[in-house]
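A short worksheet on the structure shown next.
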Amino acid sequence: MEAEGIHHLGVAVEDLDEAVDTYQRIFGAELEHRETVPEQGVEAAAVRVGQSRVELLCALDGDTPVGKFIAKRGPGMHHVAYEVSDLRGQLRRLAEEGVELIDEEPHRGLFGLEVAFVHPDAAHGVLAELVASG
């Protein structure tokens, strides 16, 4: 896979308002975008820290992927998102190589961008998100 760079780091949080405030107060982050993404079961806020982006994720309920993550591991680092130019092509190539995918087809993520996830077992225990450059 040829990633163009890291798009963002995803952090699971229990209280989105509190997390946004914390990132603003401690790191000088600026709120870039906030949105509920029902398809992923989260309310998310993208904050900019300098040239970088952190995506704060709050579960809409305990039976969502982020809700289950927090119940099992507590709040914290959830995923690393990599920007790719040909998301569908990358997914096909990874599948052909036998890489374990969570999503075989892209779906809508924050900012309305197409995203897909690669299983943590395929990336040394780290959940990876592929984000279509847009």
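Residues in the stretch 72-110 that are farther than 29 Å from Asp61 by Cβ and over 16 Å from the mean Cα position of the chain (by Cα): how many?
Summing the residues that are farther than 29 Å from Asp61 by Cβ and over 16 Å from the mean Cα position of the chain (by Cα) in the stretch 72-110 gives 13.
Any residue in the stretch 68-88 that's farther than 12 Å from Gly10 by Cβ: show its pairings with residues that are open to solvent by less than 80 Å² (accessible area, probe 1.4 Å) and charged (D, E, K, R) at Cβ separation under 8 Å, as long as the two are six or more apart or on different chains.
From the stretch 68-88, the pairs are Leu87/Glu114.
For the stretch 104-122, name all the residues that are over 30 Å from Val20 (Cβ atoms) and either without any contact (Cβ under 8 Å) to a residue 12 or more places away in the chain or open to solvent by 80 Å² or more (accessible area, probe 1.4 Å) (or both). I'd like the intermediate steps shown before the answer.
Let us first name the residues in the stretch 104-122 that are over 30 Å from Val20 (Cβ atoms), namely 104-105, 121-122.
The answer is Glu104, Glu105, Asp121.
For the stretch 41-53, check the following and say yes or no: at least one residue is over 15 Å from the mean Cα position of the chain (by Cα) and part of a strand (DSSP E or B).
First, pick out the residues of the stretch 41-53 that are over 15 Å from the mean Cα position of the chain (by Cα): 49-51.
Next, from what is left, pick out any that are part of a strand (DSSP E or B): 49.
There is at least one residue in the stretch 41-53 that is over 15 Å from the mean Cα position of the chain (by Cα) and part of a strand (DSSP E or B).
If a residue has to be of a type outside the set (D, E, K, R), assigned to a loop (DSSP other than H, G, I, E, B), modelled with pLDDT of 95 or more and closer than 18 Å to Gly41 by Cβ to count, how many in the stretch 78-118 make the cut? It would help to see each step written out before you state the result.
From the stretch 78-118, those of a type outside the set (D, E, K, R) are 78-82, 84-85, 87, 89-91, 94-95, 98-99, 101-102, 106-107, 109-113, 115-118; that's our starting set.
From what is left, the residues that are assigned to a loop (DSSP other than H, G, I, E, B) are 85, 98-99, 102, 106, 109, 113.
Subsequent filtering for residues that are modelled with pLDDT of 95 or more retains 98-99, 102, 106.
So of that shortlist, the ones also closer than 18 Å to Gly41 by Cβ come out as 102, 106.
Residues flagged as of a type outside the set (D, E, K, R), assigned to a loop (DSSP other than H, G, I, E, B), modelled with pLDDT of 95 or more and closer than 18 Å to Gly41 by Cβ within the stretch 78-118 amount to 2.
Would you be able to tell me the number of residues in the stretch 1-33 that are assigned to a strand (DSSP E or B) and in contact with a Leu (Cβ under 8 Å, 6 or more places away or on another chain)?
5
Please identify the pairs in which a residue from the stretch 89-103 that is farther than 16 Å from Val115 by Cα has its Cβ atom under 7 Å from the Cβ atom of a residue that is surrounded by 12 or more Cβ atoms within 10 Å (Cβ to Cβ), counting only partners at least 6 apart or on another chain.
Filtered contacts from the stretch 89-103: Val99/Val118; Val99/Ala122.
The values are calculated or read from the model by the stated rules, or taken from the named source; none is laboratory data. On a predicted model such as this, the values are computed, not experimentally measured, just so you know. Here the Cβ is made from the backbone with ideal geometry for all residues, glycine too, and neighbour counts use every protein chain on show. The protein model used for the area step is the full one, side chains on, heavy atoms only, and it has no ligands, DNA or RNA in it. Shrake-Rupley method; radii C 1.70, N 1.55, O 1.52, S 1.80 Å.
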